[in-house]
1. Is the shape of the range 132-201 best called rounded, prolate or oblate, per the rule: a/c under 1.5 gives rounded, else a/b larger than b/c gives prolate, else oblate, with a ≥ b ≥ c the square roots of the Cα gyration tensor eigenvalues?
2. Would you please give the residues with an amide H less than 5 Å from that of Val65, counting only those at least 5 places away or on a separate chain, with H modeled from the backbone geometry?
3. Ignoring any ligand, DNA or RNA, what whole percent of the accessible area of the chain comes from carbon and sulfur when the probe is 1.4 angstrom?
4. What whole-number value in Å² describes the accessible area per residue of the chain for a 1.4 Å probe?
5. Using a/c under 1.5 as the rounded threshold, could you call the range 82-165 rounded, prolate or oblate? The axes a ≥ b ≥ c are square roots of the C-alpha gyration tensor eigenvalues, and prolate needs a/b larger than b/c, oblate otherwise.
6. Let me know the shape class of the range 5-140, please: from the alpha-carbon gyration tensor, a ≥ b ≥ c as square roots of the eigenvalues, rounded when a/c is under 1.5, otherwise prolate if a/b is greater than b/c, or oblate.
7. Please count, across the range 38-156, the pairs of lysine residues with Cα atoms under 15 Å apart that sit 8 or more places apart or on different chains.
Amino acid sequence: MDNANSKRDKSTIVKNVTKSLRKAILNGTLKKGERLIQEEWADRLEVSRMPIREALTQLQMEGLVEMVPHKGAIVTPITRDDIEEIYHTRSLLEGLAVEKSLPFLTKEDKEKLKGILIEMEGIQLSDETNEHYILLNAAFHETLRKGCPWPRVQKMVETLGISPIAPNLLIDYYPETQREHRMIYEAALRGDPAELRAAVEFHILRTKNNLITYMELLNTKNHQ
């Protein structure tokens, strides 16, 4: 039991450290190109270097730091322009992919979408459930576009990706995100490719705007 508690405590420390470092990058405390020095942050956050290292691995996956040989972790913050470009491009490409995909989706595919949707709607978003939600969200989007017969479009959507930082940051918008997912599912059920494309584009652009609003709030708080 003690061992389980100890693992849980370590996991909580890593999550808190990750959250602190992510916030420092997104609100501009840590600037682009700056070295994130493990010893300094370990002292500042009153933790050992191990959780700092684990947090950096997560932030590297999110694209917020880059591990450079002989230099360590270099800050590569996502900017408003990055978000505009990634999400706008994603909305156009994924909209096209689902429009082309829908005629090829089977009854089983639509049942799978329904199962994922119901599971997403039942999740209370938190540090503990964030990873599971990211997987469900990815599976929902992948299932929608799996029938797309255009491999280049599929590849481009996958290359763009959607930053895994989004779900947890946008917890205030969670209910509206789930309503959008339901609208997408219902459009797929009705079998109208144009409606499905419009619902997916709307959903991705809303996520973009919510993320920009969140970052602006962070910056406002940082400069007060």
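The values are calculated or read from the model by the stated rules, or taken from the named source; none is laboratory data. Nothing here was measured: the structure is a model prediction, and the numbers come from that model. These accessible areas exclude ligands, DNA and RNA; they are computed on the full protein's heavy atoms, side chains included. Shrake-Rupley method; radii C 1.70, N 1.55, O 1.52, S 1.80 Å.
1. On the way: a/c = 2.21, a/b = 1.20, b/c = 1.85.
Oblate is the answer for the range 132-201, as a/c is 1.5 or above yet b/c matches or exceeds a/b.
2. Excluding prolines and chain starts, which carry no amide H, the hits are Gln60, Thr76.
3. Values: 6800 of 12630 Å².
Its accessible area is 54 percent carbon and sulfur atoms.
4. Numbers: 12630 Å² over 224 residues.
For the chain, the per-residue accessible area is 56 Å².
5. Working: a/c = 2.67, a/b = 1.15, b/c = 2.31.
The shape class here is oblate.
6. Values: a/c = 3.13, a/b = 1.63, b/c = 1.92.
Because a/c hits 1.5 or more and a/b fails to exceed b/c, the range 5-140 counts as oblate.
7. Total qualifying Lys-Lys pairs in the range 38-156 comes to 6.
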